[in-house]
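The values are calculated or read from the model by the stated rules, or taken from the named source; none is laboratory data. Computed from a predicted structure; not experimentally measured. Quick reminder, even Gly has a Cβ in these numbers, built from the backbone with ideal geometry, and neighbours come from all protein chains shown.
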Amino acid sequence: MLVHICCSVDSHYFLQKLRNDYPDEKLVGFFYNPNIHPFSEYSLRYNDVKRSCDLLGIDLCQGGYNVDSWLLAIKGLENEPEKGERCSVCFDYRFEESAKKAKELNHSSFTSTLLMSPKKSLKQLAQAGESSANKYYVDFVSIDYRKDGGTNEQSLLAKKDKLFKQDYCGCVFALVKQREGQKKLAYELMSPINKQIQPSSIEEKIELYDKRIELEKESIDYFITKEGILNYRLLNAKVIVKSEVLPSYILAYSLLKRGRTEGRVEHTHNKISFFNRESIKIIDIITFNELTNSQYKNVRELNNNPLAFEDEVFLRGRITKNNFSSSPIIVLDEIVDEKYRIFINSSIFNDTKETLVVK
């Protein structure tokens, strides 16, 4: 039996139940989800599914990430709600490829771990599965493992085996709607140009879950916990003097209430220049290097190869002497006695962050 897999949390429990209920079937996993965005999230989920299948001793094959074709398939349905028409088309799209793969591998049937997801309609899934199965002359196994406490058992097993638990279904349209309802920033769709690893980002999660696999290979015990944090994202910024945009670097947790201001440097103390508005502080690249023991030639180089996020936060504390400061801190190549126009669009928000603790 070919098993279309959407994520490890759904598949880990589902596969074990299938193995018990269908002992004569050889189960093969099939990860086919071009609906998952961005690609880094897709990679994170695939890697976790692979680990799950390795733990269970189940073969896994991977379909293509033909996201452009998927976007064309759901065109015009972008604003549909969860369990709406967009989901039906998405199931049809993924199940047709799954049925085709089942036929190619000489399986007589296929099913999907989407049947385990409490956010999905069993009726929609059954209709999509049967339609694709009929097209390729295979059977679709529609089975409800959610009932009789199955969803709770699934959650407990996912926690026990330290699986990655995503907090959105996968597609960009559902994510944006979900974040709008939560009044939160959809930062999963954002990556800094300078490739800095930021708190609770997909890239940080990839590092964490890769580290988990390394620890397991070395038989080192660990656990994963969550903690509440104040997170930060810089959306865009620029500094202008005499109509010229200056190369600038904005330190983490810099927040400009109205997004823009203008003024001049009023005081300089210990090589830190104090702006006459918005508690802004400016340092030049030489001072930045002295404070961080770095050797950047200019701000452009700093932008291309920034400090680690944690090191930026540490530097902020050194400059402001205040662990709760959100005053803008700007790094320039040099500080001039001119009028500055400063634009900073950023967000500070409540969030959670996963942490790996080695015992």
Practice task
Go through the range 99-115 residue by residue and tally those that are under 19 Å from residue 168 (Cβ atoms) and either assigned to a loop (DSSP other than H, G, I, E, B) or among the β-branched types (Val, Ile, Thr) (or both).
Solution key: 1
Problem - Pair list, Cβ under 7 Å, 6 or more apart: the range 313-324 residue under 20 Å from residue 284 (Cβ atoms), other residue loosely packed, with under 10 Cβ neighbours inside 10 Å and at pLDDT below 95 - result: 317/323
Handout entry: Conditions (1) touching an Asp or Glu at 6+ places or on another chain (Cβ under 9 Å); (2) surrounded by 13 or more Cβ atoms within 10 Å (Cβ to Cβ); (3) more than 30 Å from residue 215 (Cα to Cα): number failed by residue 272
Key = (1)
Handout entry: Qualifying positions in the range 34-93 - of a type in the set (Ser, Thr, Tyr) and touching a His at 6+ places or on another chain (Cβ under 9 Å)
Key = 52
Problem - Residues (among the β-branched types (Val, Ile, Thr) and surrounded by fewer than 15 Cβ atoms within 10 Å (Cβ to Cβ)) located in the range 198-217 - result: 213
Exercise for the section: For residue 116, work out the one condition from (1) closer than 15 Å to residue 18 by Cβ; (2) free of Cβ contacts under 8 Å to residues at least 60 places away in the same chain; (3) under 28 Å from the mean Cα position of the chain (by Cα) it doesn't fulfil. Expected result: (2)
Handout entry: Near pairs, Cβ below 6 angstrom, 6+ apart or cross-chain, from the range 216-235 (aromatic (Phe, Trp, Tyr)) to any residue that is surrounded by 12 or more Cβ atoms within 10 Å (Cβ to Cβ)
Key = 222/215; 222/356; 232/252; 232/253; 232/348
Practice task
Give the number of residues within the range 179-203 that are part of a loop (DSSP other than H, G, I, E, B) and within 20 Å of residue 312 (Cα to Cα).
Solution key: 12
Fill in the blank from the handout: residue 199 fails exactly one of (1) at pLDDT 90 or above; (2) in the same structural domain as residue 94 (by TED's automatic domain parsing), namely (2)
Exercise for the section: Run residue 77 past the list (1) closer than 16 Å to residue 111 by Cβ; (2) touching a Lys or Arg at 6+ places or on another chain (Cβ under 8 Å) and report the number of the one that doesn't hold. Expected result: (1)
Problem - Residues (of a type in the set (Lys, Arg) and either farther than 21 Å from residue 52 by Cα or outside any helix (DSSP H, G or I) (or both)) located in the range 116-175 - result: 119, 120, 123, 135, 146, 147, 162, 165
Exercise for the section: Mind listing whichever residues of the range 13-38 are of a type outside the set (Phe, Trp, Tyr) and either outside the structural domain of residue 156 (by TED's automatic domain parsing) or part of a loop (DSSP other than H, G, I, E, B) (or both)? Expected result: 23, 24, 25, 26, 27, 33, 34, 35, 36, 37, 38
Problem - Failed condition for residue 54, given (1) out of contact with any helix residue (DSSP H, G or I) (no Cβ under 8 Å at 6 or more places or on another chain); (2) assigned to a strand (DSSP E or B) - result: (2)
Practice task
Would you mind finding the one in 147, 184, 120 that is at pLDDT below 95 and crowded, with 19+ Cβ neighbours inside 10 Å?
Solution key: 120
Handout entry: Qualifying position, being assigned by TED's automatic domain parsing to the domain that holds residue 48, touching a residue at least 40 places away in the same chain (Cβ under 8 Å) and either under 30 Å from the mean Cα position of the chain (by Cα) or exposed (fewer than 15 other Cβ atoms within 10 Å of the Cβ) (or both), among 128, 102
Key = 128
Practice task
Those residues that are more than 9 Å from the chain's Cα centre (by Cα) and among the small types (Gly, Ala, Ser), I need them from the range 34-53; list them, please.
Solution key: 43, 52
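Residue 272: over 17 Å from residue 199 (Cα atoms), at pLDDT 95 or above and not basic (Lys, Arg), yes or no?
So residue 272 passes the test.
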Completion exercise
Taking the range 150-168 and the residues there that are hydrophobic (A, V, I, L, M, F, W, C) and in contact with a helix residue (DSSP H, G or I) (Cβ under 8 Å, 6 or more places away or on another chain), the one that is surrounded by the most Cβ atoms within 10 Å (Cβ to Cβ) would be 163
Completion exercise
When the range 1-12 is checked residue by residue, the ones that are part of a loop (DSSP other than H, G, I, E, B) and over 19 Å from residue 201 (Cβ atoms) are 1, 6
Handout entry: Options 80, 41, 96: the member that is surrounded by 15 or more Cβ atoms within 10 Å (Cβ to Cβ) and part of a loop (DSSP other than H, G, I, E, B)
Key = 80
